[in-house]
Amino acid sequence: MKLNKIGLDQDKSVALSKDLNTLLANFQQYYLNLRGVHWNIKGKRFFDLHEKFEELYVDANLKVDEIAERILTLGGTPLHTFEDYTNAAKVPVGKNITKDVEAVQLIVDSLSELLTIEREILDASDDANDEGTNAMMSDLITEQEKTVWMFTAWLSE
């Protein structure tokens, strides 16, 4: 087994970098969804949702950077073009969403897809003894599960 510069199995690190690039592409689509609903939301809940969506997209932008840096740490190259993101993304695309319920449902659906990808990466990073990626996935999963719970509660009014 050949180890990389941080002491992890080289082949497993390459595979994890590929998986993290899939997550990166999907996070970029999630980020774009958040920007879109932030800009286009209308109605009586505008002020609350406009502010919340901004909070989420600022946070998502930071996470995109962290994911890209993890890919680099593992020796990979982060995807960085819209074409790459479009080809790899599974997160639903929200276009011209102006209604509150539709916007929140898009966020829940997007996070559900991200959680699926993150759990797959968590399993692979555990198998690779990659605590750095493990910790990142655990943190993302914990935070996103709470956000899904809160938005699902909001949707159930």
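Things to note:
- Among residues of region 69-85 that are within 19 Å of LEU8 (Cα to Cα), those with a beta-carbon under 8 Å from a residue that is among the hydroxyl-bearing types (Ser, Thr, Tyr) and in a loop (DSSP other than H, G, I, E, B) at least six positions away or on a different chain give the pairs ILE71/THR77.
- Being more than 15 Å from ILE121 (Cα to Cα), of a type outside the set (S, T, N, Q) and part of a loop (DSSP other than H, G, I, E, B) is a property that VAL58 lacks.
- For region 25-33, the criterion of being modelled with pLDDT of 95 or more, loosely packed, with under 14 Cβ neighbours inside 10 Å and either within 15 Å of the chain's Cα centre (by Cα) or not acidic (Asp, Glu) (or both) is satisfied by no residue at all.
- Residue count for region 18-35, restricted to those that are free of Cβ contacts under 8 Å to residues at least 40 places away in the same chain and β-branched (Val, Ile, Thr): 0.
- Hits in region 10-47 (condition: of a type in the set (Val, Ile, Thr) and either in a helix (DSSP H, G or I) or out of contact with any Asp or Glu (no Cβ under 8 Å at 6 or more places or on another chain) (or both)): VAL14, THR22, VAL37
The values are calculated or read from the model by the stated rules, or taken from the named source; none is laboratory data. None of these values were measured; they are calculated from a predicted model. Quick reminder, even Gly has a Cβ in these numbers, built from the backbone with ideal geometry, and neighbours come from all protein chains shown.
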